[in-house]
Amino acid sequence: MSRRIEHTPVEYLRVTDLHAFYGESHVLHGMDFVVNQGECVSLLGRNGAGRTTTMRAILGLTGRRSGSIMLDGKDVIRLPPHRIARLGVGYCPEERGIYSSLSCEENLLLLPKVASGGMSVEEIYAMFPNLKERRHSQGTRLSGGEQQMLAMARILRTGARLLLLDEISEGLAPVIVEKLGEIIRDLKAKGYTILLVEQNFRFAAPLADRMYVVEHGRVATEIERRDLPSKMGLLRDYLGV
Amino acid sequence: MTETFLTINRVRIVVLLALAMAVPFVTYPVLGMTVLCFGLFACSFNLLLGYTGLLSFGHATFLGTAAYVTAHALKAWELPTLPSLALGAGAAALLGAVFGLIAIRRHGIYFAMVTLALAQMMFFVFLKAPFTGGEDGLQGVPRGSLFGLIDLSDDTTLYYVVLAIVVFGLWVIHRAIHSPFGEVLKAIRENEARVTSLGYDVARYKLLAFVLSAGLAGLAGATKVLVFKFATLADVHWHVSGEVVLMTLLGGVGTVIGPMLGAGVVVVLQNELADKVGSFVTIIIGVIFILCVLIFRRGIAGELNELRRRVLGDARSGSADGG
Amino acid sequence: MLKGSSIGLCVGALLSLGTAHAEITDGVVRIGVLNDQSGIYAGLSGPGSIWAAKKAVEDFQPEKHGLKVEVVAADHQNKPDIGSSIARKWIDVDKVDMIVDVPTSSVILAVNQVVQEKNKVMIVSGGGTADLTGTACTPNSIHWTYDTWALANATGKAVVKTGGDSWYFLTADYAFGQALERDTEAVVLKNGGKVLGKIRHPFPGTDFSSFLLQAQASKAKVIGLANAGGDTINAIKQAAEFGITQGGQNLAGLLVFISDVQALGLNAAQGLILTEAWYWDMTDENRKFAQAFTAANRGAFPTSAQAGVYSAVTHYLKTVATLKEDGDGAKVVAAMKATPTDDPLFGKGTIRADGRKIHPLYLFEVKKPSESKGPGDFYKLRATIPAEEAFRPLEDGGCPLVKK
Amino acid sequence: MTEIFGFPIQALMGQLVLGLVNGSFYAMLSIGLSVIFGMLNIINFAHGAFYMIGAFLAWMGLYYWGISYWWSLILVPLAVALIGIAVERTLLQWIYKLDHLYGLLLTFGIALVIEGMFRHWFGVAGQPFDVPEGLTGGFNLGFMFLPKYRAWVIVASLTVCVGTWFIIEKTRLGSYLRAATENPKLTQAFGINVPIMVMLIYGLGVGLAGFAGVLAAPVLQVSPLMGSNMIIVVFAVVVIGGMGSIVGSIATGLMLGIVEAIPKVLYPEISSTMVFIIMAIVLLLRPAGLFGKER
């Protein structure tokens, strides 16, 4: 399945000349990039480059926006956030967004199903046994790792085909990071389309098919995975690592 | 900030003062004096809301306390006029210090609620206190004279005295907000944590602002006694605390002269509409409130500033959130 | 005090100097109805009083007397400073000659000062503070319909005499409530009754059940409601709920108007004892007035305060027409005091030196729903207090105008 | 031994029961205020006006259209909720992003307009409304005479309070509401139609106020001013309980009703100031209220 897509890339998300503001401050200055169906694309860049804002802008969570966001052939820039989500976008925010007023299970079940084909609760509990154990605990009483898993798990249940994952490895123990990597590889195999924002280059590099380097609110360069070894120097300059 | 319009420069001061001096020739002086008193009251309130970011929901207490004290001093102790005024304003400032010490550590809506609670308690005290005359109030307070020379029983004479007092009050406010003290207050409004981290004792600055504001509100209340010759419970009622918010908002939060304009509009409406629209007064005031919040959040002075900025093409910033 | 009034007199003299003697200033007699048009006293005065004033002018037929009369009205919102400013503006700018109605004690006292200072006329009908004919009396004011002392005295005396000799007071913790309580208590004690207890409740109050329970437990025969407006209505409504009247206790409203009874409905109000100066269903003239009033005021029945405005305006116009002068308020008031009153609603009466209008008062009991024959048929007469006993004796008020 | 502060225990018991009745009203009104604050970030000063509308609609229903009290109990809250929703759509929705102050002022203006209109139409004297048949009379509890209607108020309002608590804490819709209260933007990004939730919450909140209004109609003066007399106290209840806390509102409402009952016997004059004294003390000791978290 993934092989077929590799041969004839079908565009799933196309962002063109995207500008976005927070109040008075102009954060995105014309982002342009494409994510194809079944692909895992990573946005790299320094802090404040505009990667998280890009995700939030796709979902309509920033202030004023302009440009175009084509999702599966449809321009969504004028839609309210909940309509965008209902088109099959699952979002795992940087701050995880676990609700303290909801139990673990309520957090998991909160998100409405947006399409068929999502994982069942049983499947999810099989994948994350910790969550099953702690399903009656208050959401924010879970450990950091558990919260991250919960944040991931709840978007898998909805049937969303495009996953926006923001800094999911941040602040987690290496074991858990490794586990998350496995999950993403697994999801990719299942045909999910993934946009990944990562600080942790080591985590993102093996997962991403392509990478975009973001700087000052626009795409500075695009790197294919196969070109990665040759462009490491360039990347270092951009990321300052 | 937003003080480009009606910025206090000499020409404008002269023009405004000339306008204010002309009032007794245009309308009856008592209306003018009422506007001035409530204007000073609103300006004192704005010193807190507009420049320090503190919403006091009990400001009527300071107006009323000073009114009672001044009235009592004039009527029962037969003190001369000026010392009575000073006594009233001083009492308000003192009460402001007490309120401030209790409320200052709370933020936002909680601060407003603490001030409301304290004000309601003071209402009860004034209701029960033997010298206030219950809801009948202290009536028939003599105006007295200025230095024993100028008789204040004439409305026009009194108008100029009131004008002088109010100008003095405004001058104090103006000095306060353009001093280093005022700069710190504005910084507190913008970002309290940062001011704290710079090593300022935020609580002390807030308290000072509160006391100053209470004292000036008291000055307004004391002056009002001279105008009306009575002090009643209506002055300490929470409705007045609400009205002063309307005046300030309508005039322009954080502008020097705005609250005065707002007070003017509200007082004139209340007095002039009273015999024209009867029971519609409340509805009209309500609609003004709604329009203010939805459309003219900058208030009269703020909108004029904006207009001037647009006309002069000085689009430095500040057009984005409107459009 | 002396100084204040002499200043007032001087100012008055100055004002009247400017105008020619013995003529109508600027050719028009202007009457200002100053009252509460949207607050708690709007029901007993409010728009109905404006209507009554206009009706009085119409019935007087000013053109026949060579007068031109205008009625203006304003809402003082129960705030003394607004009332006082309006009064000043009316007198200074709009050339108003007489201000009438004025409910709310604090506004009465505030406007009283202005009217005296400017030497105009104030006739109070909607308000009740007995100070107006006591320590605060002026040569420019008349108190027309009722006052707290008169109501307290009438209800207290009549109720004690008919067997209600033990009392419990529910008092609004405000000056008027305390005055009502104080005056009623004095009368009750004087007539051999006793007071078993009293409660001062906050004003305005909503829940009276707790106080009623205490009153109920006191086993007093009469529960005196020394409050007004919404407080009285709430107290009576809740008393009905607690079966106070069924339990053999009587409620006596010390300051109740027909508008309150109408708001309560007979189910809740039945058995309530109250004193009024005027009731629409007593004479044919009254009924005729009430019919026109009800048609013009959305089915409301005229209160005694509103009828009092009619009566007061009528007497004022008669006096002005005879004097052919309206500028000198003290002079007009003096003439009004010198002439006996006579009008369709209040009949014949007099005005005392302290400004107190004298007429009989009536003690009513609110009918049971089964006794009521139609809308507005609320009261049955229990007793009449003759004019000479109805009001506070002249010498007890402490009015400086009265020479001992 | 049968006296406390010189008052017989029996009398005190009676007062406590009555306090519970008042507390029920506080609880019903403050829940609405509290959920609205939580979700809309607006301090709904117009709450009292909706309570008043509820009482008036019950009266109008009976007087003009012959709708009985019992039907009113169901229909009026719905009607009030619809009015609330209309207000939310036309006026409130534009100011969610602004400071608390603006919401307070806007709803204050709305309250003035609503009250002004009712004053203009109906005057302020109030309207008669009798206790419905079947609830007249009362129970003799030995220590007091409890009118049936008061007992009914306690039952009805506690049912409504518990029902509201259940919907919000235990149902799926409730989890949406809680999520949208905690983080509206993110919740919307998860595909939940938050604007509709906000609208519904406002409708629910003011609908509860309308319900309280119907309950109050037979015992209180049905007058345009009834709401503004109530709102400041209910405000205080919400602040004492902790803004946005549902359990806090119910518990504080009931508790305050009972606490207020004591000064009504000992020093009645202060009873309506009591709530502010408590508020000041609570805010000094626990800035976020008894059940709240500081935001």
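Read-outs throughout are calculated quantities, based only on the coordinates presented, and are distinct from any laboratory measurement. Computed from a predicted structure; not experimentally measured. Ideal geometry is used to build each Cβ from the backbone, glycine not excepted, and the neighbour counts take in all protein chains shown.
Provide A:Y12, B:Y200 in ascending order of the number of other Cβ atoms located within 10 Å of each residue's Cβ, fewest first. Mind showing how you got there, number by number?
Values: A:Y12 22, B:Y200 15.
Ascending number of Cβ neighbours within 10 Å: B:Y200, A:Y12.
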Open item on the list: Here is the link list: A:K190/D:K170; C:K288/C:K373; B:K75/C:K357. Which ones come out longer than 28 Å on Cα distance?
Closed with: A:K190/D:K170; B:K75/C:K357
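What's the exposure ranking of D:T107, C:T294, going from fewest to most Cβ atoms within 10 Å?
Listing D:T107, C:T294 from fewest to most nearby Cβ atoms yields C:T294, D:T107.
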- [ ] Pull out a ≥ b ≥ c, the square roots of the eigenvalues of the alpha-carbon gyration tensor of the range C:248-404, then state rounded if a/c is under 1.5, prolate if not and a/b is larger than b/c, and oblate in the remaining case.
- [x] oblate
Open item on the list: Going by amide H atoms built from the backbone, whose H comes under 5 Å of the H on C:I123, apart from near neighbours?
Closed with: C:I99, C:V100, C:D101, C:I142
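When a/c reaches 1.5 or more, the comparison of a/b and b/c decides; with that in mind, is the range D:9-77 rounded, prolate or oblate per its Cα gyration tensor?
Here the range D:9-77 falls in the oblate category.
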TODO: Would you tell me the mean number of C-beta atoms belonging to other protein chains that fall within 10 Å of each C-beta in C:242-250, as a whole number?
DONE: 2
- [ ] With θ set to phi - 60°, apply the Karplus curve 6.51 cos²θ - 1.76 cosθ + 1.60 along the range C:87-96 and write out the HN-Hα couplings as whole Hz, x wherever there is a Gly or Pro.
- [x] 4, 4, 5, 3, 6, 6, 9, 8, 6, 7
Open item on the list: Taking a ≥ b ≥ c as the square roots of the Cα gyration tensor eigenvalues, with a/c under 1.5 meaning rounded and otherwise prolate when a/b beats b/c, else oblate, which class fits chain A?
Closed with: rounded
TODO: Apply the Karplus parameterisation 6.51 cos²θ - 1.76 cosθ + 1.60, with θ equal to phi minus 60°, to every residue of the range C:48-61 and state each ³J(HN,Hα) to the nearest whole Hz, in sequence, with x for glycine and proline.
DONE: x, 5, 5, 4, 4, 5, 5, 5, 4, 4, 4, 5, 6, 6
Task: From phi via Karplus (6.51, -1.76, 1.60), per-residue ³J(HN,Hα) for the range D:179-190 in Hz, x at Gly/Pro - done: 4, 5, 5, 6, 8, x, 5, 4, 4, 5, 5, 7
Task: Rounded tilt (10° steps) of C:175-190 against the dominant C-alpha axis of chain C - done: 60
- [ ] Straight distance only, please: which lysines reach the Cα of C:K161 with their own Cα at less than 20 Å, same-chain residues fewer than 8 apart left out?
- [x] C:K190, C:K194, C:K219, C:K221, C:K380
- [ ] Taking H placed 1.01 Å from N in the peptide plane, check which residues at least 5 places from C:F169 or on another chain put their amide H under 5 Å from its amide H.
- [x] C:G197, C:K198, C:I199, C:G224
TODO: May I ask you to list the aspartates and glutamates whose Cα is less than 12 Å away from that of A:K74, ignoring any residue fewer than eight positions away on the same chain?
DONE: A:E11
TODO: Enumerate by residue number the trypsin sites (Lys or Arg not before Pro) in the range C:264-352 meeting two conditions: DSSP loop (anything except H, G, I, E, B), and at most 16 other Cβ atoms within 10 Å of the site's Cβ.
DONE: C:R298, C:K324
Open item on the list: For chain C, give me the percentage of DSSP beta bridges that are antiparallel, rounded to the nearest 5 percent.
Closed with: 30
Task: For B:224-234, mean number of other protein chain Cβ atoms within 10 Å - done: 5
TODO: Please identify every one of the trypsin sites (Lys or Arg not before Pro) in the range A:67-106 that sits in a loop by DSSP and has no more than 16 other beta carbons within 10 Å of its own beta carbon.
DONE: A:R78
Open item on the list: Only counting other Cβ atoms within 10 Å, I'd like D:Y26, D:Y69, D:Y51 sorted with the fewest neighbours first.
Closed with: D:Y69, D:Y26, D:Y51
TODO: Could you quote the convex hull projected area for the protein assembly as shown, Cα atoms only and averaged over all directions, in nm²?
DONE: 54.0
- [ ] Count the net charge of all other residues whose Cβ sits under 14 Å from the Cβ of D:M279, scoring Lys and Arg as +1 and Asp and Glu as -1.
- [x] +1
Open item on the list: Using a Cα-Cα cut-off of under 13 Å, which aspartates and glutamates could be cross-linked to C:K337, ignoring same-chain neighbours fewer than 8 residues away?
Closed with: C:D354
TODO: Let me know the longest stretch in chain D that avoids all GluC sites (Glu not before Pro) found in a DSSP loop with at most 14 other C-beta atoms within 10 Å.
DONE: D:134-293
- [ ] For the range B:99-182, state which trypsin sites (Lys or Arg not before Pro) are in a DSSP loop and have at most 13 other beta carbons lying within 10 Å of their beta carbon.
- [x] none
Task: Contact order normalised by residue count of chain A, Cα under 8 Å, 6+ apart, percent - done: 27
Task: Around B:A73: net Lys/Arg minus Asp/Glu count, Cβ-Cβ under 15 Å - done: +3
Open item on the list: Averaged over its residues, how many other protein chain Cβ atoms are within 10 Å of peptide D:94-102's Cβ atoms?
Closed with: 4
